[in-house]
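Asks: Structure incoming, see below.
The values are calculated or read from the model by the stated rules, or taken from the named source; none is laboratory data. No experiment lies behind these values; they were computed from the predicted model shown. All Cβ positions, glycine included, derive from the backbone under ideal geometry; neighbour counts span all protein chains shown. We work out accessible area using only protein heavy atoms, side chains counted, and drop any ligands, DNA or RNA first. Shrake-Rupley method; radii C 1.70, N 1.55, O 1.52, S 1.80 Å.
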Amino acid sequence: MKKALLALAILAGSAWAYQGDVQNIPPREYFETVQREISKAKTSISLYMYLFSLQPYESQSEVFLLAQALKKAHDTGVKVEVVLDQNYDFTGEEGASVEAKNLAAYTYLRKSGISVYFDDAETYTHAKALIIDGETMITGSSNWSRAAFELNEETNVLVRSKDAARDMLKTLQAIKREEPPNSGPAVPVPAGFLLDNELFGRMVSQPDERAFDIYLFLAREKPGTINLDYDKLAVYLGINSMSREAYRRQINKVLGKLQDRYRLISVSKSFNKEAEITMLLVKSQDSVSVPVAYWELGWNRRLSFAGKAFYLINLRESAGSPIQPRWSLNLENIAKRYGTSPWFISQGVTDLRRNNLLEVEYGQAGENGPGDRAPNVYTSNPLYDPKELGKKLEDLKKQYGAAKVERAQSAASLVYEDSYLHGIKQLIELEDRYGMERIARATKILGAKSGDNPKRTIGYLIRTIQDLK
């Protein structure tokens, strides 16, 4: 590598001259250069990265080795801070998942004790910058991905200059950052309920949605004997518009099922008094943690039965996944494990996608065609307040007009992104740029593809709109 004087740097829109040592980094030497400089860090490492494409199951990949290098530096007392872009990558750059591209890296670093953040939702952090000990900078075009390290012709430099490092760090530290919302308190639901085909499997195949809802309601209550509040349960079920006598009768009928058919509870009832209930399925360490927000934000009423059922499956599978926060399992095997049908699972996946609670990376077809397709990869999105989404959609209608927003939502629904606000805004802007007719042509092309086609994504829809003539 040749050395030179750093003559000019552009930071925050201004030009500044610095004295420094500059080294060009050839494309195939980027990984080893970064790994070497991280290993030499004494006090601090700051990383700002657009794409950190960590695959936790590829423990020998260069990306994973750099993640381990950051952890090793942290463990030896170096202050490590990482900021990642959280916006969706519509172009599918470098084969990255269109959804949740940096979540795996975020999770690994956070579990390693490293201070790691996402930028805020409105910020597009396209930086690829590493600053070490307030003096050494590595910056250029390379993301941390297999494609950048092994395939692409990237341009990068290593700069040793305290003044340049100081100013670049000052610029980057101004990026607004946030952490994914904490799911808050959770309710443990015994995994045995989900895995017993005579319990969960029987409920979903009946279908017996009300028994499912009431059992989860009871799971929220404190351990021991539960004095059932019929009025509270009626509100929870959305049947409080009935007469008190009518909804008590409905609830008692389901309590009888939970006791006699499913043997999940024991009920003691007296005329016109609250029922006394004992939960029979003991909670254990192998429990599914259901966020209290599931009930408080009304998702128990908003989601379909299939959506609620798959939400619990998703919680359990992701908690035990070796590729957290993602997980992957063949559709038929999911159905077999939980005593239901592939069709029911597919309905649940679609419902969660439409409500922006789940991202799905559909497996590509194998050598033998669609029947040889790899399992899908699932990633959870945090629960949010549907009322807030409604308010934001109303604001969009005031800004762009109701008809335009409804057209964008209709187009987004083709790729199951009905509730993805940022994607809806993107489609509105594309209509303004290209016109309604091009959007209609693109949606017709996408609508002809099967529902589980890997190309049925908002990224592909947007690229189709842009590429049409």
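Asks: Among the residues of the stretch 233-247, what is the count of those that are open to solvent by 30 Å² or more (accessible area, probe 1.4 Å) and over 19 Å from ARG220 (Cα atoms)?
Replies: Qualifying residue count for the region: 6.
Asks: Could you grab me the full set of residues in the stretch 425-469 that are touching a residue at least 24 places away in the same chain (Cβ under 8 Å), open to solvent by less than 60 Å² (accessible area, probe 1.4 Å), part of a loop (DSSP other than H, G, I, E, B) and not hydroxyl-bearing (Ser, Thr, Tyr)?
Replies: GLY451, ASN453, PRO454, ARG456, LEU468
Asks: Identify the residue in the stretch 108-126 that is of a type in the set (Gly, Ala, Ser) and open to solvent by 30 Å² or more (accessible area, probe 1.4 Å) and, among all such residues, is modelled with the lowest pLDDT.
Replies: For the stretch 108-126, the residue satisfying everything is ALA121.
Asks: Pick out, from the stretch 191-256, the helices (runs of 4 or more DSSP H) lying fully within it that include 3 or more residues that are under 29 Å from the mean Cα position of the chain (by Cα) and under 14 Å from TYR338 (Cα atoms).
Replies: 191-195, 200-205
Asks: In the stretch 62-107, what residues are open to solvent by 30 Å² or more (accessible area, probe 1.4 Å), within 19 Å of VAL377 (Cβ to Cβ), at pLDDT 75 or above and outside any helix (DSSP H, G or I)?
Replies: GLN86
Asks: Working only within the stretch 210-222, note down all residues that are farther than 19 Å from PRO291 by Cβ and open to solvent by 70 Å² or more (accessible area, probe 1.4 Å).
Replies: Matches in the stretch 210-222: ARG210 only.
Asks: Here is a check on your reading of the model: is SER450 in contact with a strand residue (DSSP E or B) (Cβ under 9 Å, 6 or more places away or on another chain) and among the small types (Gly, Ala, Ser)?
Replies: no
Asks: Here is a further query. Counting just the residues of the stretch 257-267 that are assigned to a loop (DSSP other than H, G, I, E, B) and of a type in the set (D, E, K, R), which one comes out surrounded by the most Cβ atoms within 10 Å (Cβ to Cβ)? Break it down stepwise before answering.
Replies: Going through the stretch 257-267, the residues assigned to a loop (DSSP other than H, G, I, E, B) turn out to be 261-264.
In the following step, the residues that additionally are of a type in the set (D, E, K, R) were identified as 261, 263.
On the way: ARG261: 15, ARG263: 12.
Per the criteria, the residue is ARG261.
Asks: Pick from the stretch 133-155 the residues that are among the hydroxyl-bearing types (Ser, Thr, Tyr) and part of a loop (DSSP other than H, G, I, E, B): which of them is most open to solvent (accessible area, probe 1.4 Å)? Step through it out loud before you land on a result.
Replies: Going through the stretch 133-155, the residues among the hydroxyl-bearing types (Ser, Thr, Tyr) turn out to be 136, 139, 141-142, 145, 155.
Of the ones still in play, those that are also part of a loop (DSSP other than H, G, I, E, B) are 141-142, 145, 155.
Values: SER141: 40, SER142: 2, SER145: 2, THR155: 100 Å².
Checked the stretch 133-155; the qualifying residue most open to solvent (accessible area, probe 1.4 Å) is THR155.
Condition check ((1) under 30 Å from ILE313 (Cβ atoms); (2) in contact with a helix residue (DSSP H, G or I) (Cβ under 6 Å, 6 or more places away or on another chain); (3) at pLDDT 95 or above) across all residues:
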site: ALA411; (1), (2), (3): yes, yes, no
site: GLU417; (1), (2), (3): yes, yes, no
site: LEU430; (1), (2), (3): no, yes, no
site: ILE439; (1), (2), (3): no, yes, no
site: LEU446; (1), (2), (3): yes, yes, no
site: LYS455; (1), (2), (3): yes, no, no
site: LEU461; (1), (2), (3): yes, yes, no
site: LEU468; (1), (2), (3): no, yes, no
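Asks: Among the residues of the stretch 422-469, which ones are within 30 Å of TRP343 (Cα to Cα) and among the aromatic types (Phe, Trp, Tyr)?
Replies: Matches in the stretch 422-469: TYR460 only.
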